[in-house]
Amino acid sequence: MTGTTTRTALAGAFALALALAGCAGGSDRPAPGESGAEVRGPVTVLAAASLTESFHRLGDEFEAAHPGTTVTFSFAGSSALATQVNQGAPADVFAAASPATMRPVTDAGNAAGEPATFARNQLVIAVPKGNPGGVGALADLTRPGVKVALCAEQVPCGAAARTALDAAGVALTPVTLESDVKGALAKVRLGEVDAALVYRTDATAAASQVDAVEFPESARAVNDYPIVVLRQAGNPTAARAFVAYVLSDRGRAALTAAGFQPPRA
Amino acid sequence: MTAAGPRRRAAGTPLLDAHLVADRGGFHLDVALRVRAGEVVALLGPNGAGKTTALRALAGLHPLAAGHLTLDGADLDRPDGRVWVPPERRPVGVVFQDYLLFPHLSARDNVAFGPRRRGADRRAARARADAWLDRVGLAGYARRRPRELSGGQAQRVALARALAVEPTLLLLDEPLAALDARTRVDTRAELHRHLGAHPGATVLVTHDPLDALVLADRLVIVEGGRVVQEGDAAAVTARPRTDYVARLVGLNLHRGQADGHQVRVGALTLTAVDRVVGEAFVAFPPAAVALHPARPDGSPRNTWPARVAGVQRHGDHLRVELDGPLPVSADVTPAAVAALRLRPGQQVWAAVKAAETRAYPAGG
Amino acid sequence: MPVALFVPAGLGLAFLVLPLTGLLARAPWATLPQRLAAPGVLTALRLSLLTATGATLLCLALGVPLAWVLARVRFPGRRLVRALVTVPLVLPPVVGGVALLLVFGRRGLLGGWLDATFGVTLPFTTAGVVLAEAFVAMPFLVIAVEGALRAADSRYEEAAATLGAGRWTTFTHVTLPLVAPGVAAGAVLCWARALGEFGATITFAGNFPGRTQTMPLAVYLALETDLEAAIVLSLVLLTVSVAILAGLRDRWVTGP
């Protein structure tokens, strides 16, 4: 089973959970806005798919540091999550893969405060293990017979790829424009393409099956990851505590281990 | 194969020579059948007797387990010799019980289906279909779909379809069973005419004795998968050999021990018009049975006390079922029933004239 | 009036139709003409209709004989085969796409051989879209046709045999016409399922405008940036498919 599938299944389960929560109402949650309250209870976090591995780890650590809290994640494409937030999803925290996908939420006034950048991600060239095609630079991807998967420009990894390719002056015709980064990576893992431009974190997570080739132009397309507490948060105290934890040194360590870079100081 | 008429054969040699042995879910069929060219044989028997299995075996829709099936000198099915000709290569035409006209084809295309499959081109097949529809009196119905035909018309299209391939063997499965009583009379007469004109052998399966008597030259009575009696209509109706046949032809039938004109049946001795010695059947029609409130005077010889088991309407008279030493049916007029005040359980005396009591050997 | 039936029937209809109402309510009617004229829309629509039709034809060519075998031929393991036919129904389409890659992909069981022998590669091609759609849509056809075959009176086939028709002629001249309504219904279901196919398509054939980007893929990507564009694309797909299905249905119902 691929990462894509897992994520789809999670999204489906979450949609169901949303529906059930909507039916049940939120009367058993503490009223928002109480200050100085104890950090406890459930926290629901909507997070970009690329954060799956690192946030699961962070969630476990957070629960250990704050007994009585339970963190529930829903991972999906950032845009889909932004739509869910704006349709009133009962969530506490939103972590997006780009400022662009965070913007609809802030524009709609659904963010409590300003989003904070907690990590940066950078593109690499993912190639099959051992790099059989000998790919060393972006220009190698234009060689005849080399099949490349990119993300569609509508999603953050595709936008970043476009910026990087333009910066390198490389004109590239991919065989597919995937709807998300995991899809592009899956094509490499299955050997259907020779290379894909994906985030370093995704390549790190799949390190047993793919190699990551760094390229200098990726510095021109670094992606900032913003996180924010939502206005509709049912448990704002714990939500703020979770965001603080992500921004803390311990949070940063977990993210770095997953291949993220720390935000610019 | 272009189905030509049957080859000329030495007189007396049957066109169809079959010994049908087949099994079907615990049921065992073992029937020998010989039919001459131009002859119509009816397989007559109660439901479940094996008639339809026999017909399916003849058509090639059910393989024989043993025995043989030879038509016009050629083996079509002979399990011993590993011979089996599939239905589509047999010179056989079938009229199915509910006709099975192809619902998506017009009457003409239904009839043309066989000739077309057997090598005629489209025009020739349609021409032949039109000719056959004309022969069965449906010239104006060529373009109708089966669902636009009445029951009698559909029956005639089915007949035309089976005959259009000019089969050496024509099979009909309960050809009139699906028709209402009125249509049945007309269709039966017409079917008789067409069967008479068919040069090949014809086997008709039916449970209706009237159909069999009108349409067939010879009856083969099948019960429990075996032939129990065969012969022409007169022979079978005069001398039934099983209760089923007796009931079919409307006779009371009993088996006994004969010594000249006297036949012992159980505790009774009946006097018959015939002279027989040994195992014998005694038969007499229900109308020959008279009922009396007391032992009749000047007594006819065949009298016995009986008890009324039931009374029911039967045509324009009433049929009285009698219990007693000799269970029989008696046909009496409504006036007689009223006069005798007949009702179930009542004791009466039954009498049959010796002149109407027939006896014949039961052996062989 | 059997209220016990009408009430749930009405609720059922509302359940199916209300989401459509939601789409209509949110549709950007003012900018509709410009959005429809956007270059990608027609391309994706044409590709969708083309591939769904191709997938339906492929399903007919393979699925009708398969249904016939399941309905008419007794063989050991028939129940298992019948269960296997429904596998694409329960398999998440994305997994179906992966499974197709494992067979027809570059390193797949057959893919390498196909490429080496015939120079045929299926992933990332329009033919690959057809294949992915046929994979998920085939059960609808097979189940419908098999049901029709089982319900059809097989004695008509016997009648055809006694008239001299071999098995093949009987199949084409008698069996198929008899089950034509079932085949038509199966083909409609098959086509509709193929038209809406997303998961197996994007996994097996990828997403490239004009070649493998069908309407559902275009809708999904539009959803990433522009909800209204996604709604417009969805409405186009719905309108076209409902129009075609309604048109065909009338023809069949009034036909022979």
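The values are calculated or read from the model by the stated rules, or taken from the named source; none is laboratory data. Remember, predicted model here, so these are calculated numbers, not experimental data. Note that we place each Cβ from the backbone using ideal geometry, even for glycine, and neighbour counts take in every protein chain shown.
Quick notes on this structure:
Matching residues to (1) in contact with a Pro (Cβ under 6 Å, 6 or more places away or on another chain); (2) assigned to a strand (DSSP E or B):
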residue	(1), (2)
B:282	no, yes
B:291	no, yes
B:308	yes, yes
B:331	yes, yes
B:351	yes, yes
B:355	no, no
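- Residue A:182 meets all of the listed conditions (1) part of a loop (DSSP other than H, G, I, E, B); (2) closer than 20 Å to residue C:225 by Cα; (3) among the charged types (D, E, K, R) but one, namely (1).
- Test: residue C:77 is on the phi > 0 side of the Ramachandran plot and either touching a strand residue (DSSP E or B) at 6+ places or on another chain (Cβ under 8 Å) or surrounded by fewer than 19 Cβ atoms within 10 Å (Cβ to Cβ) (or both): yes
- Selected residue (criterion: nearest to residue A:152 (Cα to Cα)) from residues of region C:212-224 that are in contact with a helix residue (DSSP H, G or I) (Cβ under 6 Å, 6 or more places away or on another chain) and more than 9 Å from every other protein chain (Cβ to nearest Cβ): C:218
- From B:67, B:93, residue being assigned by TED's automatic domain parsing to the domain that holds residue B:199, in contact with a strand residue (DSSP E or B) (Cβ under 7 Å, 6 or more places away or on another chain), outside any loop (DSSP other than H, G, I, E, B) and closer than 24 Å to residue B:111 by Cβ: B:93
- Only residues that are among the aromatic types (Phe, Trp, Tyr) and either in a helix (DSSP H, G or I) or over 9 Å from residue A:46 (Cα atoms) (or both) were counted in region A:60-95, giving 1.
- Identity of the residue in region A:175-217, buried (at least 24 other Cβ atoms within 10 Å of the Cβ) and among the polar types (S, T, N, Q), that ends up farthest from the other protein chains (Cβ to nearest Cβ): A:201
- Top-ranked residue in region A:145-165 [being in a loop (DSSP other than H, G, I, E, B) and over 9 Å from residue A:180 (Cα atoms); ranked as nearest to the other protein chains (Cβ to nearest Cβ)]: A:154
- Within region C:138-156, tally of residues that are within 13 Å of chain B (Cβ to nearest Cβ) and closer than 26 Å to residue C:84 by Cβ: 2
- Which numbered condition residue B:48 misses (of (1) surrounded by 19 or more Cβ atoms within 10 Å (Cβ to Cβ); (2) out of contact with any Lys or Arg (no Cβ under 9 Å at 6 or more places or on another chain)): (1)
Listed here are the residues, each with its yes/no results for (1) free of Cβ contacts under 8 Å to residues at least 60 places away in the same chain; (2) under 26 Å from the mean Cα position of the chain (by Cα).
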{"residue": "C:131", "(1), (2)": "no, yes"}
{"residue": "C:137", "(1), (2)": "no, yes"}
{"residue": "C:147", "(1), (2)": "yes, yes"}
{"residue": "C:168", "(1), (2)": "yes, no"}
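- Any hit, region B:96-108, residues being within 12 Å of chain C (Cβ to nearest Cβ), assigned to a loop (DSSP other than H, G, I, E, B), among the aromatic types (Phe, Trp, Tyr) and at positive phi: yes
- Taken residue by residue, region B:120-136 has at least one member that is modelled with pLDDT under 95, within 12 Å of another protein chain (Cβ to nearest Cβ) and surrounded by fewer than 23 Cβ atoms within 10 Å (Cβ to Cβ).
- Among the numbered conditions (1) at pLDDT below 90; (2) assigned to a helix (DSSP H, G or I), the only one that residue C:106 does not meet is (2).
- Unique match (being among the hydroxyl-bearing types (Ser, Thr, Tyr), touching a residue at least 24 places away in the same chain (Cβ under 8 Å), part of a helix (DSSP H, G or I) and surrounded by fewer than 18 Cβ atoms within 10 Å (Cβ to Cβ)) among C:56, C:43, C:51: C:43
- Residues that are more than 17 Å from the chain's Cα centre (by Cα) and either free of Cβ contacts under 8 Å to residues at least 60 places away in the same chain or crowded, with 23+ Cβ neighbours inside 10 Å (or both) within region A:238-265 comprise A:238, A:239, A:240, A:244, A:248, A:249, A:265, listed in sequence order.
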